[in-house]
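These notes are about the structure you will find just below.
The values are calculated or read from the model by the stated rules, or taken from the named source; none is laboratory data. It should be emphasised that the depicted structure is a prediction, and the values quoted were computed from it without experimental measurement. With ideal geometry, Cβ positions are generated from the backbone for all residues, glycine too; neighbour counts draw on all protein chains shown.
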Amino acid sequence: MGVRSGSGGQVLTLDTLVRLGRGLRAPGAPRKLAVPEGMTVPLGCDAVGMPALLGQQLVPRLPRVGCVYADDTHWWWLVPADSDYALEWPAPAQYATGAVVPDAPVVPDLVHRPEGTLPYTPPIPLYLALCRLTGTTPGWSRPVSSAG
């Protein structure tokens, strides 16, 4: 499926529209979270941020904790790229494409590094635990109504 731009112009796919939408986010003082030396990111790398207190509450609820970065106010979890595709992360979470943290005064410190070479926290368990802590119904569980 694609959307044609203008008259006779290029066809834009859903992936292209998602990437363009990400580019519209307001710039601040972005800081990129560095993947620790010796780790690889074969699936690309994004990050999910949340208030520090919420981050601390998530740790015991997860089957695997990947790289976690923290500053005084937020914790950031590395996840595979595009972990926001067709998924609305519940507030107050922030999704950072490319693991570029918006409006950070300094680069958050690495506070947890998993064993092995993959830095990822699995996004679905992270999403479900975050939904549970915030009292948010996961997107795929919400009722669908007809426009009839």
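Okay, here's what the table says:
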item: Any hit, segment 72-85, residues being of a type in the set (V, I, T), at pLDDT below 95 and either in contact with a Pro (Cβ under 9 Å, 6 or more places away or on another chain) or surrounded by fewer than 17 Cβ atoms within 10 Å (Cβ to Cβ) (or both); result: yes
item: Scope segment 54-71; condition closer than 20 Å to E115 by Cβ, surrounded by fewer than 16 Cβ atoms within 10 Å (Cβ to Cβ) and out of contact with any helix residue (DSSP H, G or I) (no Cβ under 7 Å at 6 or more places or on another chain); matching residues; result: V59, P60, R64
item: Residues satisfying the stated conditions in segment 34-51, i.e. under 15 Å from L126 (Cα atoms) and surrounded by fewer than 16 Cβ atoms within 10 Å (Cβ to Cβ); result: P51
item: Condition met for E88 (among the charged types (D, E, K, R) and under 17 Å from the mean Cα position of the chain (by Cα)); result: yes
item: L43 being out of contact with any strand residue (DSSP E or B) (no Cβ under 6 Å at 6 or more places or on another chain) and farther than 13 Å from P119 by Cα; result: no
item: Any hit, segment 110-121, residues being loosely packed, with under 14 Cβ neighbours inside 10 Å and under 17 Å from the mean Cα position of the chain (by Cα); result: no
item: From G49, G28, G21, G8, residue being outside any loop (DSSP other than H, G, I, E, B), at pLDDT below 90 and out of contact with any Ser or Thr (no Cβ under 7 Å at 6 or more places or on another chain); result: G21
